[in-house]
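Participant: Mind looking over this structure? Questions follow.
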Amino acid sequence: MIFFKGRSLKIQLIFISLLTTTAALVLTGFILITDSIISVRNSMIDNLTAQAKIIGNNSTAAITFNDPASAEEALSALKAVPGVIHASIITRDGKIFSSYTREGVREQFSLPDHQENDHDFGIDHLSIFQSIVLDRELIGTIYIRSELKELYSRIISNAITIGALMTLSIFIAFLLISKLQRTITNPILDLVGLMRSISGNKNYSLRSSSERQDELGALSSGFNDMLEQIQSRDSELRHSYEQLSHEL
């Protein structure tokens, strides 16, 4: 890689380790955020569906006896449910029997397409459709529309928490990697220093003092063996040169 060109072994090890750690954490964070979105989404659907069923059961008498005021009173219980901005009870012939709109909401709500036991997720809303059944006969449908501020708020909150944990994890990983990489780089740097000293002073009696039992130890041992051979040959050459000088 171009990035590694001219970089020290220490920098390369730290970069590779951090890149691997960061990639794993980003993937984990993405999975956690996705799971959080799905969990919150399903929770909203379940909660609103449960509310719709309760209101539907409480509205059967109102629909049967054509009492919109009682149905509207049943719908008013949705005031206590955060996010709900509108709800309607629709008769089986598709007409609005009674409706509720949260105070302060100016949006105009049109009659939705008649659906049974379904939900619709939009960019800014969740719509729930729940059948109202009496004696196994469909007598109407309750429609609930909720905004998604709570969903987005929880998603952002979870994303910030996960992001903070990822940042902290990467920082801790950097500290650990910076410290632990020395167990690999120090023996190699010692060999590089020894090589430079021998190359500069031509002193082949120097040896690596590494006592590791791993591949770096094998490299150090092999380097010492090579120095032994070079020193032996150097001694032989000197001895031969001295003899030749003496004969001449």
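The values are calculated or read from the model by the stated rules, or taken from the named source; none is laboratory data. Note that the structure is predicted; figures quoted are calculated from it, not measured. Note that each Cβ is placed from the backbone with ideal geometry, even for glycine, and that neighbours are counted across all protein chains shown. Ligands, DNA and RNA are stripped out before the accessible areas are found, and what is left, the full protein with its side chains, is counted by its heavy atoms. Shrake-Rupley method; radii C 1.70, N 1.55, O 1.52, S 1.80 Å.
Participant: Can you find, among SER43, ALA23, ILE96, the residue sitting farthest towards the positive end of the charge dipole of the range 1-143, where Lys and Arg contribute +1 and Asp and Glu -1 at Cβ?
Facilitator: Highest projection toward the positive end goes to ALA23.
Participant: Which net charge results when you count Lys and Arg as +1 and Asp and Glu as -1 among the other residues whose beta-carbon is under 15 Å from that of ILE139?
Facilitator: Value of the local net charge: -1.
Participant: Quick one: which of 53-62, 11-20 comes out on top by average Cβ neighbours within 10 Å, and what's the full order, highest first?
Facilitator: In decreasing order of mean packing, 53-62, 11-20 become 53-62, 11-20.
Participant: Taking a cut-off of 25 Å between Cα atoms, list the lysines near LYS79, but don't count ones fewer than 8 places away on the same chain.
Facilitator: Reachable lysines: LYS53, LYS95, LYS149.
Participant: Can you give the FRET efficiency to the nearest 0.05 for ILE184 and ASP225, using r as the Cβ-Cβ distance and R₀ = 25 Å?
Facilitator: 0.70
Participant: Which of the lysines could be linked to LYS202 by a straight reach, that is with a Cα gap under 30 Å, when you skip same-chain ones fewer than 8 residues away?
Facilitator: LYS5, LYS10
Participant: In the chain, once you exclude exposed GluC sites (Glu not before Pro) (DSSP loop, at most 13 other Cβ within 10 angstrom), what's the longest stretch remaining?
Facilitator: 1-102
Participant: So which helices of the chain fit the span-like rule, where a helix is a whole DSSP H run, its Cα atoms reach 18 Å or more along the axis, and its mean Kyte-Doolittle is at least 0.0?
Facilitator: Helices meeting the span and hydropathy rule in the chain are 9-64, 149-180, 182-201.
Participant: Continuing with the same structure: What distance in nm separates the simple spin-label points at SER157 and ALA77, each placed 7 Å from Cα in the Cβ direction?
Facilitator: About 2.6 nm separates the two model spin labels.
Participant: Can you list, largest first and rounded to whole Å, the semi-axes you get for the range 84-137 by taking the square root of 5 times each eigenvalue of its Cα gyration tensor?
Facilitator: They are 21, 14, 10 Å, listed largest first.
Participant: Okay, next question. I need the semi-axes of the equivalent ellipsoid of the range 41-123: take the C-alpha gyration tensor, multiply each eigenvalue by 5, square-root it, list largest first in whole angstrom.
Facilitator: 20, 15, 14
Participant: Further question: Quote the relative contact order of the chain in percent (integer), defining contacts as alpha-carbon pairs under 8 Å separated by 6+ residues.
Facilitator: Here the relative contact order equals 19 percent.
Participant: Cα atoms only, the range 1-142: Rg and Dmax in Å?
Facilitator: Considering the range 1-142 through its Cα atoms, Rg and Dmax are 25.2, 86 Å.
Participant: Estimate the FRET efficiency between THR91 and PHE121 by the formula 1/(1 + (r/R0)^6), using the beta-carbon distance for r and 35 Å for R0, to the nearest 0.05.
Facilitator: Given R0 = 35 Å and the Cβ-Cβ separation, E is 0.85.
Participant: Rounded to the nearest 500, what is the 222 nm mean residue ellipticity of the chain from helices alone, with -39500 (n - 2.57) per DSSP H run of 4+ residues and division by all residues?
Facilitator: -21500 deg cm²/dmol
Participant: Starting from the Cα gyration tensor of the chain, take the square roots of the eigenvalues, sort them a ≥ b ≥ c, and report rounded, prolate or oblate (rounded when a/c is under 1.5, otherwise prolate if a/b is larger than b/c, else oblate).
Facilitator: Prolate.
Participant: If you don't mind, there's one more thing I want to ask. Counting only protein heavy atoms and a 1.4 Å probe, tell me what percentage of the chain's accessible area is made up of carbon and sulfur.
Facilitator: Looking at the chain in its full context, I get 57 percent from C and S.
Participant: Quick check for you: with a 1.4 Å probe and neighbouring chains kept, what is the accessible area per residue of the range 1-140, in Å²?
Facilitator: Here the per-residue accessible area is 63 Å².
Participant: List the residues whose amide H sits under 5 Å from the amide H of ILE90, counting only those 5 or more places along or on another chain, with H placed 1.01 Å from N in the peptide plane.
Facilitator: HN-HN under 5 Å from ILE90: PHE97, THR141, ILE142, TYR143.
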